[in-house]
Structures are given as C-alpha cells and as structure tokens.
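Inspection log for the structure reproduced underneath, given as structure tokens.
The values are calculated or read from the model by the stated rules, or taken from the named source; none is laboratory data. Just so it is clear, the structure is predicted and the values come from calculations on it, not from any experiment. Note that we place each Cβ from the backbone using ideal geometry, even for glycine, and neighbour counts take in every protein chain shown.
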Amino acid sequence: MTQQNWLPSLTQLRQKLNPSFVALRTRLLNDPYYRMQSTTEIAIAAGLGIQIDVNQASVDDWLRLPGLSIHQARSLVELCQAGVRFYCLEDIAAALNMPLQRLKPLEPVLKFCYYEEICHPAQVNPNTATVDLLLQIPTMELSLAKAIVQNRLSSGPYRNLADLQQRLSLKSELTAQLMHYLRF
C-alpha cells in the first residue's frame, strides 16, 4: 500500500515535534538577520521558503549564510551595484575566488533572478525649460512645448504633473508618456 500524499512523513512529524527544530524555525522566520550556522539550517530555511536574491542582496542578506565574511559580502554587493549580474553559483564562486564546492551547500537558499537595466531618461523641469529643451522629450510636439512655456509664463509655475495636465487639458495617455521625463 502506498502512502497518501496528504499524510505527513515520519521525518516531518519528528521535526515538528523536536523543540530545537521549532526554535530554529521560529528564529529563521522572525529574525531577518539570523546568521545560519550549518547546512542543516540552510535546508530548513529552504524548506520554509527563505531565499536570497543574489542580484539584489544586501550585505546583511549575504551575512546570513554560513562561511561568508563581511569582506566577501561587501564585495558581492559592490559588484552588483557596479552592474555585474550573477547568473549561477559558478559566477559567485568566480567573483569570490572560491572553490564551487565550498558554496554548493548554500545553493538551496540562493535565487538567481535577472533584471533588465531600466533606462532612466533625463528629466526636464517644465518650470524652467525652454521650448528647445522640451522638444528633446520623446512624444513632445512643438505645439505642446510652446503651450507649456506660454502657460507657465502667463499663469505661473506648475505645482506638479496633475497641475500641468489640468492647465493644458492633456489626455491621460499623453500625461502617462510624459511623466517619466518631467520633474517639478
């Protein structure tokens, strides 16, 4: 007879009844800075769904892992901030100049997510911009650039994007396109 999937395994029951397991589980879930001490703790953390996103991890996140020094944690964070992306455990091993086998036990809690670099366009202040500067904004037409400057000169500076939209009777679609390029 096969065991039903909904029945907990004997190992799971032992773990749930073990006071040290319960204490560790509570620590892992409640203390985001708890530094794991062993591969057993790594396995429990992975079972609880705890993961460290290697491409967005902070020094504190890296320090949760056993065997990593503060210097190594800082190095990984600095590399990420400089634009280096880690795609696999081998990348981290190479960055730290460590043997892969030494990092392999950490793999169950490491998550490799990849993020597109978001291009942050140059922003223009419509309260000081000239018509020529406003024309550098994608989707900006000459008539709108002139209207922004003329309205500003006649009615004063714009308080915010909503004020600009209302004063110039801009459609919401156009306002949504412009909001990434304007700063007040």
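Annotation note: Cβ proximity below 8 Å between a residue of the stretch 28-55 that is free of Cβ contacts under 8 Å to residues at least 60 places away in the same chain and a residue that is among the small types (Gly, Ala, Ser) and surrounded by fewer than 16 Cβ atoms within 10 Å (Cβ to Cβ) (sequence gap 6+ or interchain) occurs for no pair.
Here's the yes/no breakdown for (1) under 24 Å from the mean Cα position of the chain (by Cα); (2) among the aromatic types (Phe, Trp, Tyr); (3) modelled with pLDDT of 85 or more:
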position	(1), (2), (3)
Met1	no, no, no
Gln4	no, no, no
Ser9	no, no, no
Gln15	no, no, no
Asn30	yes, no, no
Ser38	no, no, yes
Ala45	yes, no, yes
Asp61	yes, no, yes
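Of the residues making up the stretch 64-77, those that are surrounded by 12 or more Cβ atoms within 10 Å (Cβ to Cβ) and not hydrophobic (A, V, I, L, M, F, W, C) are Arg64, Pro66, Gly67, Gln72, Arg74, Ser75.
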